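Written below as structure tokens is the structure these notes are about.
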Amino acid sequence: MIRGLRGAITIESDRQELVWDETARLVREVVTANNVEVDDIASILISTTPDITSAFPARAVRLMDGWQYVPVMCTHEMDVPNALPLCIRVLIHANVEVAQKDVKHLYLNDAVKLRPDLAQAK
């Protein structure tokens, strides 16, 4: 069955290499934590806060070895006052054989502030 695997990470500044490196790190860690293979992934949606404009994070996924056929799309998060800045979020739709409560969602760097309940559960 398809489940949504969530994750988020923050970057120190809006620099192209940080967007790509941290996006790739986040995606790798989410799929590893959930024992997902590339062929199990239906699609990935990546969002960034509006203060990230230097690069498309989807490019980081497309450049990962063996990932070039995974459908990936980018968008911006809503511009909400006092929202966590410089944040990249992913929603990976993947075939997994676990209950919803057993999916491992990862929140890295300052993104642990978004879901401390799930960040603590790792």
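Count of the stretch 1-29 residues, restricted to those that are of a type outside the set (Gly, Ala, Ser) and either modelled with pLDDT under 95 or in a loop (DSSP other than H, G, I, E, B) (or both), is 5. The combined condition, being of a type in the set (A, V, I, L, M, F, W, C) and either open to solvent by 60 Å² or more (accessible area, probe 1.4 Å) or within 16 Å of Ala8 (Cβ to Cβ) (or both), is not fulfilled by Ala42.
Residue by residue, here is whether (1) without any contact (Cβ under 8 Å) to a residue 60 or more places away in the chain; (2) of a type in the set (Lys, Arg); (3) open to solvent by 70 Å² or more (accessible area, probe 1.4 Å); (4) outside any loop (DSSP other than H, G, I, E, B) holds:
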{"site": "Val31", "(1), (2), (3), (4)": "no, no, no, yes"}
{"site": "Pro81", "(1), (2), (3), (4)": "yes, no, yes, no"}
{"site": "Leu84", "(1), (2), (3), (4)": "no, no, no, no"}
{"site": "Glu97", "(1), (2), (3), (4)": "no, no, yes, no"}
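If only residues of the stretch 51-77 that are out of contact with any strand residue (DSSP E or B) (no Cβ under 9 Å at 6 or more places or on another chain) and more than 18 Å from Arg15 (Cα to Cα) are counted, the one that is surrounded by the fewest Cβ atoms within 10 Å (Cβ to Cβ) is Asp65. Taken as a whole, the stretch 81-90 holds at least one residue that is under 11 Å from the mean Cα position of the chain (by Cα) and of a type in the set (D, E, K, R).
Hey, does the stretch 18-29 have a residue that's in contact (Cβ under 8 Å) with a residue 40 or more places away in the chain and over 14 Å from the mean Cα position of the chain (by Cα)?
So far as the stretch 18-29 goes, no, none of its residues is in contact (Cβ under 8 Å) with a residue 40 or more places away in the chain and over 14 Å from the mean Cα position of the chain (by Cα).
Return the residue satisfying two criteria in turn: it lies in the stretch 99-118 and is part of a loop (DSSP other than H, G, I, E, B) and out of contact with any strand residue (DSSP E or B) (no Cβ under 7 Å at 6 or more places or on another chain), and of such residues it is farthest from Asp21 (Cα to Cα). Checked the stretch 99-118; the qualifying residue farthest from Asp21 (Cα to Cα) is Ala99. Close contacts from the stretch 35-50, counting a first residue that is in a loop (DSSP other than H, G, I, E, B) and a second that is modelled with pLDDT of 95 or more and open to solvent by less than 10 Å² (accessible area, probe 1.4 Å), with Cβ to Cβ under 6 Å and a gap of 6+ residues or different chains, come to Val36/Ala94; Thr49/Cys87. Among the residues making up the stretch 1-16, those that are out of contact with any Phe, Trp or Tyr (no Cβ under 8 Å at 6 or more places or on another chain) and either open to solvent by less than 40 Å² (accessible area, probe 1.4 Å) or without any contact (Cβ under 8 Å) to a residue 24 or more places away in the chain (or both) are Gly4, Leu5, Thr10, Ile11, Ser13. Looking only at residues of the stretch 17-26 that are open to solvent by less than 30 Å² (accessible area, probe 1.4 Å) and touching a strand residue (DSSP E or B) at 6+ places or on another chain (Cβ under 6 Å), we find that the one that is farthest from Asn95 (Cα to Cα) is Thr23.
The values are calculated or read from the model by the stated rules, or taken from the named source; none is laboratory data. Fair warning: this is a prediction, and the values are worked out from it, not measured in the lab. We place every Cβ from the backbone using ideal geometry, glycine too, and count neighbours over all the protein chains shown. Just so you know, the surface numbers come from the protein's heavy atoms only, side chains and all, with ligands and any DNA or RNA stripped out. Shrake-Rupley method; radii C 1.70, N 1.55, O 1.52, S 1.80 Å.
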